[in-house]
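The values are calculated or read from the model by the stated rules, or taken from the named source; none is laboratory data. No experiment lies behind these values; they were computed from the predicted model shown. Here Cβ is always computed from backbone atoms with ideal geometry, including for glycine, and neighbour counts include all displayed protein chains.
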Amino acid sequence: MGDVLSALIPPAVVATVFCTFVIKLLRNEMAPRTSDGRLVSEVDDAAGREAADAGAARPGVAEAVTAEDGAKGAEGSPAELPGEGTRPAGG
């Protein structure tokens with residue numbers, strides 16, 4: 001019985017290492033990517049850092065954008081669809 005187990009240990013170790021490598025490779029290759037090939041998680045991390053840096057460096061920028069947008073920039077206001085709104089006179 002001991003001879004059988006000692007003979008099976010090396011192939012079992014090689015098979016485990018091979019399967020681990022294949023699983024890691026597949027997980028990396030099947031990760032969601034953007035259209036330019038970067039990983040989505042890398043883009044999210046970079047965007048989060050940039051937003052935090054921009055917010056700390058320029059706190060008045062968000063207020064200026066909100067003021068310029070007016071009522072349509074407020075949360076909860078519906079967006080105006082193109083082609084709707086005022087109709088030309090005479091039609």
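Within segment 7-56, the residues that satisfy the criterion of being at pLDDT 90 or above and of a type in the set (G, A, S) are A7, A12, A15.
If you go through segment 18-36, how many residues are of a type in the set (V, I, T) and either exposed (fewer than 10 other Cβ atoms within 10 Å of the Cβ) or not in a helix (DSSP H, G or I) (or both)?
First, the residues of segment 18-36 that are of a type in the set (V, I, T): 20, 22-23, 34.
Those left that are additionally either exposed (fewer than 10 other Cβ atoms within 10 Å of the Cβ) or not in a helix (DSSP H, G or I) (or both): 34.
Going through segment 18-36 one residue at a time, the tally reaches 1.
Taking the criterion of being in a helix (DSSP H, G or I) and loosely packed, with under 10 Cβ neighbours inside 10 Å, the only residue of segment 37-56 that qualifies is A56.
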